[in-house]
Each structure stands twice: as structure tokens, then as C-alpha cells.
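The next block holds one structure in the form of C-alpha cells; read it before the comments.
The values are calculated or read from the model by the stated rules, or taken from the named source; none is laboratory data. Values in this document were obtained by computation on a predicted structure and should not be read as measured data. Please note: Cβ atoms are built from the backbone with ideal geometry, for glycine as well, and neighbour counts cover all protein chains shown. The area values use the complete protein model at the heavy-atom level, side chains included, leaving out ligands, DNA and RNA. Shrake-Rupley method; radii C 1.70, N 1.55, O 1.52, S 1.80 Å.
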Amino acid sequence: MRPPEVAVAVAAAVAVAALLVPGAAAAASVPLLPAALALQRAVPHKGVALEELRRRDWARHRSSRRGLLGGVAGVVDFPVEGSANPFMVGLYFTHVKLGNPAKEFFVQIDTGSDILWVTCSPCTGCPTSSGLNIQLESFSPDTSSTSSRITCSDDRCTAALRTGEAVCQTSDSPSSPCGYTFTYGDGSGTSGYYVSDMMYFDTVMGNEQTANSSASIVFGCSNSQSGDLTKADRAVDGIFGFGQHQLSVVSQLNSLGVSPRVFSHCLKGSDNGGGILVLGEIVEPGLVYTPLVPSQPHYNLNLESIAVNGQKLPIDSSLFTTSNTQGTIVDSGTTLAYLADGAYDPFVTAIAGAVSPSVHSLVSKGNQCFLTSSSVDLSFPTVTLYFMGGVAMTVKPENYLLQQASVDNNVLWCIGWQRNQGQDITILGDLVLKDKIFVYDLANMRMGWADYDCSMSVNVTTSSGKNQYVNTGQYDVNSSTRRASYKSLIPAVIAAMVVHMLVFGGAVSRR
């Protein structure tokens with residue numbers, strides 16, 4: 001399902017102009033440029049609107065040394081690029097190397113799905129260029145000396161059939177390829193078949209030395225894409241699912257003894273983005289843990305209550321109980337955050353009632369926005385999410401607000417958490433996850449987190465089970481010949497406001 005359309009950026013910008021520049025509102029009624037601000041598992045580009053960001057999020061809710069494998073497993077370290085800022089990138093992605101000879105692919109980091117899939121050749125509808133300024137690649141099983149197709153008679157295909165992640169027709173012969181089809185709420189999707197081939201990655205050992213390692217894994221080979229996946233302005237090479245099922249890379253590498261059944265990430269919230277992604281357990285002071293809800297297809301947590309400035313909101317806790325139609329999901333493939341329908345109004349009301357007196361509140365097309373010249377941390381309240389066991393997650397203003405523009409010394413902020421219209425499902429996306437360590441401990445069915453500066457290195461336990469640690473920091477993205485370069489993706493509405501404010505004597509800048 002899609003949320004209702006809300007053109008926030010245009011109306012909010014007009015409201016700012018009306019507040020700060022006499023006569024601006026009348027002039028702004030002249031059509032300038034299209035509305036908006038919006039997100040998903042794809043890359044926002046010029047003119048992106050909040051409604052589009054929400055639509056994309058909704059669409060994806062559908063929905064060297066090689067002898068290491070037989071020894072003590074290390075920490076698998078993946079590079080991280082991208083940013084949560086919808087005006088820069090709007091997603092986080094990593095690199096994977098597949099096949100022999102190895103080819104490098106950019107794939108989105110997605111804890112809301114299970115399968116690693118990349119574009120294959122030939123492919124119908126697959127983009128050949130990207131607005132991220134990265135060179136897109138395609139995988140060809142026929143040119144890899146270590147590749148083999150997975151058939152319908154393969155046990156791994158049988159397991160994927162049980163979880164709905166594989167397709168084999170009853171009329172297919174046992175030697176028929178094991179296929180898949182993933183469809184999203186807006187009608188976009190991908191289909192293809194599974195292959196087995198080598199994956200190459202960096203392993204950090206207990207002596208903090210990095211080794212080049214490899215393992216044979218099963219991944220998806222996409223030969224058809226549709227809808228938003230065909231658009232070049234937000235194209236990557238595929239999706240890297242970090243879910244719990246048997247065919248996830250996390251599960252496969254664990255079954256091979258390569259890595260523990262735990263992974264962690266720390267996503268930088270700055271415009272430059274980046275961060276840390278490891279198959280291993282980050283161990284830093286301040287980490288707190290709450291149980292994962294068992295037998296769920298996603299990473300569900302038991303959210304019990306929400307507080308604003310220490311005051312719990314009047315929300316019935318049963319609204320957050322996990323079932324087929326409600327619950328709380330942690331999903332790095334979602335850019336924004338979505339509150340259960342029944343929790344949204346109390347949340348927004350509490351935020352608006354707790355802002356500093358110097359903050360000017362304004363409502364734009366139903367979305368709560370604020371104008372302030374003061375520090376965001378001093379002007380807005382802290383939100384706390386309470387989970388099972390009394391475990392708290394502190395949510396700073398930057399984790400529930402989106403900065404949309406600045407006019408002189410005044411900054412326009414709008415609430416970035418959206419109403420999950422008609423749904424009692426809460427989704428914590430990148431807006432909430434950034435600037436925090438998150439540990440997905442599947443072995444002990446728990447999730448942990450702590451506020452952290454993700455530009456710093458972290459300590460990660462090795463999979464030997466001993467009290468040993470390795471220290472890992474951000475991957476040197478300059479080592480990649482295919483590194484993305486980001487440009488500020490300023491929405492068309494802000495560009496319009498630049499022109500408008502120049503005419504009326506103001507100055508608008510993006511920070």
C-alpha cells in the first residue's frame with residue numbers, strides 16, 4: 001500500500017517565505033517548479049519529494065590467502081558508502097566481489113530482505129547507468145569459471161521454496177533452474193534465477209591483520225527488472241539482503257564456518273555518509289540489548305512505549321504487539337521511519353508541545369514543520385523508545401527531523417517520521433538507525449544498540465568464541481576504482497525558493 005500524498009516541501013517553503021519576507025506568499029503562488037521530498041531503497045535524485053520518499057519506502061515494504069576457511073573464523077569487513085540524507089543519496093550500500101575472474105558490484109544494504117542478488121546479462125529493463133556516478137556492472141555465469149546454476153532439485157532451492165524466495169513450477173523437471181520473483185508494492189520488481197559462485201571479502205583476524213578470503217555462496221542472478229528498478233537516476237547493481245533465512249549471506253557464511261551468526265553496522269549520519277558493516281559482534285561500552293521476536297520474517301522488536309522529554313505518550317501498548325498486522329521492524333532498506341497509525345498523532349502533538357518557545361511551528365499539508373534559528377538539540381525534545389525489558393533507545397532530534405532548508409539564520413525542520421496510514425506497523429529506517437551501533441545477534445535472538453560516532457573505529461569479537469577482539473574502522477573507499485561521488489541533490493522546490501528569495505532580498509542555502 002502507498003501512503004497518502006503530501007507535498008511538504010513546496011508548502012513549507014512558501015510558509016517560510018511568508019513568515020520571513022513580506023509579500024512572498026503572493027508571489028510564490030506563481031508556478032515555479034514541481035513539489036516535494038521522498039524516499040526508498042533507491043537513490044533520490046533531482047526534484048525528489050517527501051511523498052516520493054515515502055512511496056519508495058512503501059514500495060520496498062512489500063515487501064592471496066585463501067586457506068582461512070578451515071581455521072578460526074574472523075570478522076568479515078564490508079565497506080560502506082551512501083548516506084541517509086535524502087538530498088545526497090538516501091541509502092547505504094556496499095561492494096561485493098563475485099565470480100572468477102572477480103567482478104565488483106555495488107549493492108544496497110538491506111536488513112529487510114534475505115537474498116543477495118545482482119543484475120545479470122542479459123537483462124530486460126535493467127539500467128545501464130546510475131545517477132550515483134558509479135559504473136554499473138552485470139554478472140554473467142557463463143564467463144565465470146566457478147559458476148553453476150542452482151536447479152529445482154537442489155536442497156537449497158527446496159529450502160527457498162518453503163520461505164517463498166524461490167519459484168519452481170510443478171511441471172518443471174528436476175534440472176530446471178531454481179528461479180525467483182520479488183515484487184514490490186508499486187508494481188516494480190525483479191526476477192531471475194539462483195547461481196552458486198565465489199564471493200571474495202576481507203577478513204580481519206585477531207591480530208588485526210586483514211586477509212583476502214573467499215567462499216562459495218548462492219545468490220540471485222537478475223535477468224528482469226521493472227518499475228522503479230529500471231530508473232537510472234537511482235540505480236545500483238543489486239540488493240544485499242541481511243535477513244535470517246537460510247539463503248542469506250549471513251546464514252550461508254555462518255554454516256561454512258566463515259563468520260559468526262551475528263552482524264553489526266554503524267551508519268554515519270553526516271552528508272558524506274559511510275560507516276561500518278561487519279559480520280561479527282561490535283562490543284563497545286553502552287550497548288543495550290532486547291530480544292528479537294522469534295519466528296518473524298523481519299527483525300521485529302517488542303516496542304512497549306514512547307516518551308517525549310521523559311513523558312510517556314498516551315498510547316495503548318497493545319498497539320505495538322507483534323502479529324501479522326502490527327509490530328515494530330528494524331529495516332536499513334527504509335530511508336524514513338513510519339509510526340503505527342494510532343501512535344502518530346500523539347507523537348506529533350507531543351513534539352509540537354515540547355519545542356522551545358523560540359521555535360515557530362507551522363503545518364504544511366498535514367505535516368508538522370518548525371522554523372528556528374537555535375541549535376536543534378536545544379530547540380527540540382529528546383524521544384525515547386522503550387522495548388521489552390525496559391531497554392531504552394534514545395532518539396535525538398536529528399533522528400526524527402529532516403532539515404529542508406535554511407533562510408538566513410533560520411532553519412526549516414519537518415518531522416521525518418511518517419504516519420503508517422491504516423497500518424499498525426512501526427518501521428525504524430535509516431533516519432533512526434544512523435549514528436548508532438546496531439548488533440543483530442541471531443545466535444542469541446537479540447538486538448543491541450548504542451549511540452556512537454560512526455567515523456571512529458570499533459571493537460568486534462572474533463567468531464572463535466574467545467575473549468578476543470579485532471579493531472576495525474571505516475573502509476578506505478579511495479581504494480575502489482568504482483567509488484561513488486556524490487553531488488548535492490537539491491530538490492526542485494528548494495531551487496525554486498532560491499530564485500524566489502533572491503527576488504525578495506533573502507538568501508537560501510542548503511546545509
**Asked** Can you name every residue in the stretch 365-382 that is crowded, with 17+ Cβ neighbours inside 10 Å, within 26 Å of the chain's Cα centre (by Cα) and polar (S, T, N, Q)?
**Response** ASN367, GLN368
**Prompt:** Considering THR325, THR349, which residue is surrounded by fewer than 19 Cβ atoms within 10 Å (Cβ to Cβ), out of contact with any Lys or Arg (no Cβ under 6 Å at 6 or more places or on another chain), under 17 Å from THR382 (Cα atoms) and β-branched (Val, Ile, Thr)?
**Reply:** THR349
**Asked** Applying the selection to the stretch 287-309, what residues are more than 22 Å from the chain's Cα centre (by Cα) and open to solvent by less than 60 Å² (accessible area, probe 1.4 Å)?
**Response** SER305, ILE306, ALA307, VAL308
**Asked** LYS434: basic (Lys, Arg), at pLDDT 95 or above and touching a strand residue (DSSP E or B) at 6+ places or on another chain (Cβ under 7 Å), yes or no?
**Response** yes
**Item:** Search result, residues across the stretch 369-412 that are in contact with a Pro (Cβ under 8 Å, 6 or more places away or on another chain) and not β-branched (Val, Ile, Thr)
**Value:** ASP377, SER379, PHE380, PRO381, MET388, GLY389, PRO397, LEU402
**Fill in**
THR143 vs (1) over 16 Å from GLU104 (Cβ atoms); (2) modelled with pLDDT of 95 or more; (3) open to solvent by 40 Å² or more (accessible area, probe 1.4 Å): all pass except (1)
**Message:** Any residue that is assigned to a loop (DSSP other than H, G, I, E, B), over 24 Å from PRO397 (Cα atoms), modelled with pLDDT under 95 and hydrophobic (A, V, I, L, M, F, W, C) - is there at least one of those in the stretch 286-298?
**Reply:** no
**Request:** Inspect the stretch 369-389 for any residue being more than 21 Å from ASP435 (Cβ to Cβ) and in a loop (DSSP other than H, G, I, E, B) and give the result as yes or no.
**Result:** yes
**Prompt:** When the residues of the stretch 246-263 are filtered to those that are closer than 23 Å to PHE106 by Cβ and touching a helix residue (DSSP H, G or I) at 6+ places or on another chain (Cβ under 7 Å), which remaining residue is surrounded by the most Cβ atoms within 10 Å (Cβ to Cβ)?
**Reply:** PHE263
**Item:** Those residues of the stretch 451-471 which are at pLDDT 50 or above, open to solvent by 10 Å² or more (accessible area, probe 1.4 Å) and in a strand (DSSP E or B), in sequence order
**Value:** ASP451, ASN459, THR461, ASN471
**Item:** Breaking point among (1) in a loop (DSSP other than H, G, I, E, B); (2) of a type outside the set (D, E, K, R); (3) within 27 Å of GLY243 (Cβ to Cβ), for ALA343
**Value:** (1)
**Fill in**
Here the residues within the stretch 211-268 that are assigned to a helix (DSSP H, G or I) and either at pLDDT 90 or above or closer than 13 Å to MET199 by Cβ (or both) are VAL249, VAL250, SER251, GLN252, LEU253, ASN254, SER255
**Request:** Note down all Cβ pairs under 6 Å where the first residue falls in the stretch 232-259 and is over 24 Å from CYS123 (Cβ atoms), the second is in a helix (DSSP H, G or I) and among the small types (Gly, Ala, Ser), and they're at least six residues apart or on different chains.
**Result:** GLN246/ALA159
**Complete:** Selection over the stretch 407-425 where residues are under 15 Å from the mean Cα position of the chain (by Cα) and assigned to a strand (DSSP E or B) yields a count of 1
